[in-house]
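Q: Got a structure here, written out as C-alpha cells. Questions coming.
All of the numbers you see were taken from the coordinates with simple rules; none came from a lab. Note that the structure is a prediction, hence the values are computed from the model and not measured. FYI the Cβ positions are ideal-geometry reconstructions off the backbone, even for glycines, and counts take in every protein chain you see.
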Amino acid sequence: MFRNVAELIELTKRDGISISEVMIQQEIEVTGRSREAVLADMDEKLTIMEEAVRRGIEEDVKSVSGLTGGDGKKLEKYIESGNGLSGDTMLRAVSRAMATNEVNAAMGMICATPTAGSAGVVPGTLFSLKDKLNPTREAMQRYLLTSGAFGLVVANNASISGAAGGCQAEVGSAAGMAAAATVELAGGTPKQSAEAMAMALKNMLGLVCDPVAGLVEVPCVKRNAAGASIAMVAADMALAGIESRIPCDEVIDAMYRIGESMSETLKETALGGLAATPTGKALESQIFNLSAERT
Amino acid sequence: MKYRSVTEIIGPIMVGPSSSHTAGAARIGRLARLLFDGQPKRVNIHLYGSFAKTYKGHGTDVALIGGLLDFDTFDERIRDAKEHADKANMRVRFHEEEAIPDHPNTVKLRLESDDNAMELVGISIGGGKIEIIELNGFALQLTGHHPALLIVHQDRYGVIANVANVLALHKVNIGHMKVSRKEKGREALMVIEVDQTVTDEIMTSLEKLEHVDQVAKLHE
C-alpha cells in the first residue's frame, strides 16, 4: 500500500498506469472486492452526489437554523445571466460545491468527501467539469478514486478532521484531492496531479475550523466555494507545467504540524474565530434561544 | 495505516451535517447496540471535548440515538430519532462533560436493560471513521490499522482455541490478540486484529460458538 504521494507516483511510473488504476488495484487487494464492485460503489456515490447538486441548484434548500441555503441556486442563476467574470467552469464548480454543502447543512443526503463539512468541493468541481469535458461515467468514477487516493495519504499522514487539524484538514484536503483528480480527468500526468494537490493544499494551510454556533454552515458553505475555486486554479497551473517548490508530501506534513500547534478554540469547538465574533455569538444565542450573557 | 480503503475517504453516504459528529456518532451508537445485543431501555450518554461543545448544532445527539435504534448513517429517520426513541420506549439522557479527553470527539455510553448493562467509550476520528477505546472497563488499545474483532465471552477453557480454529478454517491470520477478564470464570473479552477481511459467514460461525456472548467487527 502506498504510504505517501511519492510512493503513489512511483507506482504509476513502475506499472505505467494512472493514479485511479493504482487505487482500484489496491482497493481490490485490501478489501477483497472485485473491480466491478469497486466501480459500482463509486457509481452509487456519484448518483448521491449528482442528486445533492441538483437539489441545491434547483430546489429551495434551507437549513434548520435558517443560516444557509439558496446561495448555490443564486450563483447558478447569475452564471446563466452571462455576466460572470471568472468563467463558467470556475463558477459552476463554486455553485455546485455550495449547493452540496447547503444540502448537507439541511441534513439532506450527501456523500462525505473526505468529510461532510467538506463534501462540496469534489462533487462541485466534478459536476462542473462534466459540462466542460463530457467525461464517460467510468472517467467520473475514476475522478472519485483519484481523489480518494490523495485523501488516503492525507488521512494517514496528517488528518481529515476539523476537530483534530482545523479546516485546512477538511476543505484543504478536499481542495487538494479535487485538484489532483481534475488533472487526471483533463489528461495530465500523475506527477502533475501531485503538483496540483500540493499547490491547492499550500493555499489552505492554516485555515481554522470556527463554525458559528458549532453548525456546519457558516463559514463552511463558502469555504467549500473557495476550496472548489482553489482546486480549479491549482489544476490549471499544474496542467500548464507549473510545479510546487515544496513537494506534496512535505506540504501534507506541514499541514499536520500546523494543525498540532493550532489553538483548541480554532478546532471545531465553536469557541474562537468567526464563531466568537459579535455576530457569530448573536446568531448562536438566537438559534439556541440562549440568553446573551451565556458564553 | 489507519485508513486503508478508498470508501473511508469517498464516503460514507450519510445525512448531514458532519461526518465525524453525525455519521461517526451514528456508527458509535449502532456499534454499541450491536455489542449490547439488542435495544437498551435506558442510555446515559456522556459527551466530551468538541462533542460536548457542538453536539446540538451537529445533530450528534439525534445521530447517537439513531444509531442506538439501528439506523445507518444514511437513514433519514435520524432527524427525528428522538421521537422514534420515545416510540420504542428507549430513554436517553445526555451529559455535557467538562473533562478534557485525549481525543476531541469522545463519547461514553452506558446502556441498560432490566438484566443487562454495558459501558463503552468511542471516539470519532474523522470522515465517519470511529474507534472503540474502552468496553466495560476494558481498555481496547486497538491500533486501528487492521480489521479487528471484539468477542465478549465467558472465561472457560477452549473458547480461545475455538475462535482461533474458526479463523484458521477461513484462512484469516491473527496479527495481534489480547484476552482480558475481570474475574476468573466470569465475563471476558477477546480483542483480535487480523490481516484479512472478516466475512459475515465468519461472524455467524463465531456467534454460534459455545460461551461466546457477542461478536462485533471494527475497521473493515
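Q: Show the residues, 5+ positions off or on another chain, whose built amide H is closer than 5 Å to the amide H of A:G108.
A: B:G16
Q: So what are the ³J(HN,Hα) numbers for region B:123-139, from phi and the Karplus equation (6.51, -1.76, 1.60; θ = phi - 60°), rounded to whole Hz, Gly and Pro as x?
A: Calculated HN-Hα couplings, in order: 10, 10, 9, x, x, x, 7, 10, 9, 9, 9, 8, 9, 6, x, 7, 6 Hz.
Q: Treating the beta-carbon of each Lys and Arg as +1 and of each Asp and Glu as -1, no other charges, what is the dipole magnitude of region A:138-295 about its Cα centre, to the nearest 20 debye?
A: 180 debye
Q: Quick one: B:M203, A:M42, A:M98, fewest Cβ neighbours within 10 Å first, how do they rank?
A: With the sparsest Cβ surroundings first, the list reads B:M203, A:M42, A:M98.
Q: Just to confirm the number: angle between the C-alpha axis of helix A:35-58 and the first principal axis of chain A, 0 to 90 degrees, nearest 10?
A: Approximately 30 degrees, to the nearest ten.
Q: Quick one: which of A:77-83, A:240-246, A:185-191 comes out on top by average Cβ neighbours within 10 Å, and what's the full order, highest first?
A: A:185-191, A:240-246, A:77-83
Q: Here's something else I'd like to know. Using helices alone, I'd like the mean residue ellipticity at 222 nm for the protein assembly as shown: each DSSP H run of four-plus residues gives -39500 (n - 2.57), total over residue count, nearest 500.
A: Helices in the protein assembly as shown give a 222 nm mean residue ellipticity of -15000 deg cm²/dmol.
Q: Now for a separate question. Could you work out how far helix B:159-169 tilts from the main Cα principal axis of chain B, as a 0 to 90 degree angle to the nearest 10?
A: Compared with the principal axis, the helix lies near 90 degrees.
Q: Less than 10 Å Cβ to Cβ from A:S244, Lys/Arg counted +1 and Asp/Glu -1: what total charge do the surrounding residues give?
A: -1
Q: In sequence order, what are the phi-derived ³J(HN,Hα) couplings for region A:177-192 according to the Karplus relation 6.51 cos²θ - 1.76 cosθ + 1.60 with θ = phi - 60°, rounded to whole Hz, with x for glycine and proline?
A: Running phi through 6.51 cos²θ - 1.76 cosθ + 1.60 with θ = phi - 60° gives 4, 5, 4, 5, 5, 4, 4, 5, 4, 8, x, x, 8, x, 4, 5 Hz.
Q: For B:H176, list long-range residues whose amide hydrogen, built 1.01 Å from N in the peptide plane, is under 5 Å from its own amide hydrogen.
A: Here the answer is B:E193, since their amide H atoms fall under 5 Å of that of B:H176.
Q: Under 5 Å between amide H atoms, partner at least 5 residues away or on a different chain: which partners does B:E134 have, H built in plane at 1.01 Å?
A: For B:E134, the qualifying residues are B:V121, B:L140.
Q: With 46 Å as the cut-off, how large is the P(r) tail for the protein assembly as shown, expressed as percent of Cα-Cα pairs?
A: Everything past 46 Å amounts to 11 percent.
Q: For chain A, take the longest principal axis of its alpha carbons; what is the angle in degrees between that and the long axis of helix A:220-239, to the nearest 10 within 0 to 90?
A: Value to nearest ten degrees: 30.
Q: Between beta-carbons, use under 12 Å as the cut-off and find the net charge around B:V152, counting Lys and Arg +1, Asp and Glu -1.
A: Once positives and negatives cancel, what remains is -2.
Q: Only four residue types carry charge here, +1 at the Cβ of Lys and Arg and -1 at the Cβ of Asp and Glu. Report the dipole size of the protein assembly as shown about the Cα centre in Debye, rounded to the nearest 20.
A: 400 debye
Q: Something else now. For region B:146-220, how big is the tail of P(r) above 15 Å, as a whole percent of Cα pairs?
A: 48 percent
Q: Determine, for A:I160, B:I65, B:I125, the number of other Cβ atoms within 10 Å of each Cβ, and report the residues in order from fewest to most.
A: Result, fewest neighbours first: B:I125, B:I65, A:I160.
Q: Give me the distance between the Cα centres of region B:1-16 and region B:160-220, rounded to whole Å.
A: 25 Å
Q: Please give the net charge around A:V153, taking every other residue with its beta carbon less than 10 angstrom from that of A:V153, where Lys and Arg add +1 and Asp and Glu add -1.
A: Result for the neighbourhood of A:V153: -1.
Q: What ³J(HN,Hα) values, in whole Hz, does the Karplus curve 6.51 cos²θ - 1.76 cosθ + 1.60 give for region B:23-30 when θ = phi - 60°, with x put for Gly and Pro?
A: For region B:23-30, the Karplus-derived couplings read 5, x, 5, 4, 5, 5, x, 5 Hz, x marking Gly and Pro.
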